[in-house]
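Undergrad: The structure is given below, and queries will be raised subsequently.
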Amino acid sequence: MTVGPRSVALAATDGMLHFELAVATEVFGSAPDAVKGPWYDLSVCGTHAVRVGRFLLEPDRGLDRLTHAGTVIVPALADVDQDPPADVVEAVRAAHEAGARVVSLCTGVFVLAAAGLLDGLRATTHWAHTEQLAARYPRVQVDPDVLYVDNGSVLTSAGKAAAMDLCLHLVRRDHGPAIANVVARRLVVPPHRAGGQAQYVTTPVPVQDDHPLADLFPWVMRRLDQPLTVEDLARQANMSSRHLTRHFHAISGTTPLQWLLTQRIRRAQELLESTGDSIDTIAAAAGMGTATTLRRHFHRAVGVPPDAYRQTFRA
């Protein structure tokens, strides 16, 4: 194993998840043909054979090798209700003190947090575990609405596919965008999704079809290009605006205007992904009126401008 800036060490723990482990191995384990210089030297480090799903993985180096790596990656943990293994936490902390860039994928962030590497820093993880992370480690500034966070020497990603985004981000930092694009093309994934992009845009939906607004929702969806108001919705539902608002809270957990705005954002996303229409045309089709209005609301909800979102999905 070659130590130094290009050496990448995976910190192996019992109960690692297949997907994030495979992502890191696929990105850093083999060089694309376009790379003329040295690629990464990847190793799996641990004290004993660890279970990955139904399989056993035998590490090829001990945890002490983490202190010699340029980058240490902690894949996702299946069980975040238990404290992460103390020997792994200590080894990751020592690696960071020795100058390693430390990266967590999905719930691997719990190891970094336990090591104190995230105190006072922004971090993220899979949206299903952000509240648990914030409650257990109150000194960490948990951001549940991004794909990944780059703090320089400490980086964290959200769940599943966001692990790929962060790994490609590291390749882009180390080798430049052209090589990162080659790797993405080989893996048949978008070459770049900005870290600030939302993990998902919540679309509140009713849990059953026989609610008082069952006929209203599809009526609205057919008219998203129109300037609808709460009064318009109440009139169509044959109830007062106050009564309508109460039903919306009970059924979707949000207000009529917020629900309507979310549907407009989702419509804009669909059009950005599937058409070559101008931003002005999409703004009109989504009921936003102008490109300026669409950009403001879209950036606030999704985390990136419409143009950047389109470049990602049409790439």
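The values are calculated or read from the model by the stated rules, or taken from the named source; none is laboratory data. Small disclaimer: the values here were computed from a predicted structure and weren't measured. We place every Cβ from the backbone using ideal geometry, glycine too, and count neighbours over all the protein chains shown.
Undergrad: Could you look through segment 109-157, keep only residues that are within 17 Å of ALA86 (Cα to Cα) and either β-branched (Val, Ile, Thr) or part of a helix (DSSP H, G or I) (or both), and pick out the one that is nearest to the chain's Cα centre (by Cα)?
TA: Step by step, filter segment 109-157, then rank; the result is VAL109.
Undergrad: If you take the residues of segment 67-97 that are touching a residue at least 24 places away in the same chain (Cβ under 8 Å) and among the small types (Gly, Ala, Ser), which of them is surrounded by the fewest Cβ atoms within 10 Å (Cβ to Cβ)?
TA: Here the residue is ALA78.
Undergrad: Has segment 262-276 got any residue that is in contact with a Pro (Cβ under 8 Å, 6 or more places away or on another chain) and surrounded by 19 or more Cβ atoms within 10 Å (Cβ to Cβ)?
TA: yes
Undergrad: Now for a different question. Regarding segment 168-181, can at least one residue be identified that is assigned to a loop (DSSP other than H, G, I, E, B), within 21 Å of GLN269 (Cβ to Cβ), of a type outside the set (A, V, I, L, M) and modelled with pLDDT under 90?
TA: no
Undergrad: I would also like to ask the following. Return the pairs, sorted by first residue and then second, in which the second residue is assigned to a loop (DSSP other than H, G, I, E, B) and charged (D, E, K, R), the first residue lies in segment 48-59 and is under 14 Å from LEU77 (Cβ atoms), the beta carbons are less than 9 Å apart, and the residues are 6+ apart or on different chains.
TA: Matching pairs, first to second residue: VAL50/ASP14; VAL50/GLU58; ARG51/ASP14; VAL52/ASP14.
Undergrad: Within segment 238-271, how many residues are part of a helix (DSSP H, G or I) and either among the hydroxyl-bearing types (Ser, Thr, Tyr) or closer than 25 Å to ALA284 by Cβ (or both)?
TA: Residues that pass the stated criteria total 19.
Undergrad: Go through segment 277-311 and give me each residue that's within 21 Å of the chain's Cα centre (by Cα), surrounded by fewer than 15 Cβ atoms within 10 Å (Cβ to Cβ) and part of a loop (DSSP other than H, G, I, E, B).
TA: None; the set is empty.
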